[in-house]
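Input: a single structure, listed below in structure tokens.
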Amino acid sequence: MKQFIAFINIDNPTFSVVFPDFPGCISAGKDFEDAVRMAHEALSGHVECMKDANLEIPEPSSLEQIKLNWVDWKDWKNSEYTTALIALVPSHETRKYTISMDSLLMARIDAVTKNRSAFLAKAAEEFLGVS
């Protein structure tokens with residue numbers, strides 16, 4: 001799974017996010033955690049649009065490469081920011097996975113649902129704050 005560097009401005013009431021590897025891909029959140037969560041969605045959506053347009057998805061740049069080549073670095077280098085690695089998770093790809101779980105936990109899940117996969121997916125979404 002590829003991870004891309006995001007710059008998060010922490011000097012404003014809103015935590016704005018930019019991706020140097022993806023000009024025009026921006027996001028924001030009400031706090032750091034929300035900004036990171038929204039950044040994942042923004043990156044996935046941006047890349048899906050690039051794929052639909054048959055555009056090439058860049059390889060992740062290192063922080064050193066960004067500082068040397070990113071045109072907006074001059075505006076960011078003296079600001080209040082932090083960086084985060086945002087994993088590129090395909091948003092429209094369907095895959096099936098096999099997971100291992102304790103049999104007693106599985107029995108407890110089976111006692112409350114007829115659809116394990118839907119139950120586990122919903123639990124994961126709630127835990128991660130994704131809807």
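Nothing in this text is a laboratory measurement; each read-out follows from the coordinates by a stated rule. A quick note: this is a predicted structure, and the numbers were derived from the prediction, not measured. Heads up, the Cβs are rebuilt from the backbone with ideal geometry, glycines too, and the neighbour counts pull from every protein chain shown.
Details
- Residues satisfying the criterion are present in the stretch 29-45 (criterion: part of a strand (DSSP E or B) and in contact with a helix residue (DSSP H, G or I) (Cβ under 7 Å, 6 or more places away or on another chain)).
- His40 within 17 Å of the chain's Cα centre (by Cα), under 19 Å from Phe127 (Cα atoms) and either of a type outside the set (S, T, N, Q) or crowded, with 16+ Cβ neighbours inside 10 Å (or both): yes
- With respect to the conditions (1) surrounded by 12 or more Cβ atoms within 10 Å (Cβ to Cβ); (2) under 17 Å from Asn9 (Cβ atoms); (3) more than 16 Å from the chain's Cα centre (by Cα); (4) of a type outside the set (S, T, N, Q), Ile86 falls short on a single one, namely (3).
- The number of residues in the stretch 1-27 that are in contact with a helix residue (DSSP H, G or I) (Cβ under 6 Å, 6 or more places away or on another chain), touching a residue at least 40 places away in the same chain (Cβ under 8 Å) and of a type outside the set (A, V, I, L, M) comes to 2.
- The set of residues in the stretch 9-20 being surrounded by 15 or more Cβ atoms within 10 Å (Cβ to Cβ) and farther than 10 Å from Ile86 by Cβ consists of Asn9, Phe15, Ser16, Val18, Pro20.
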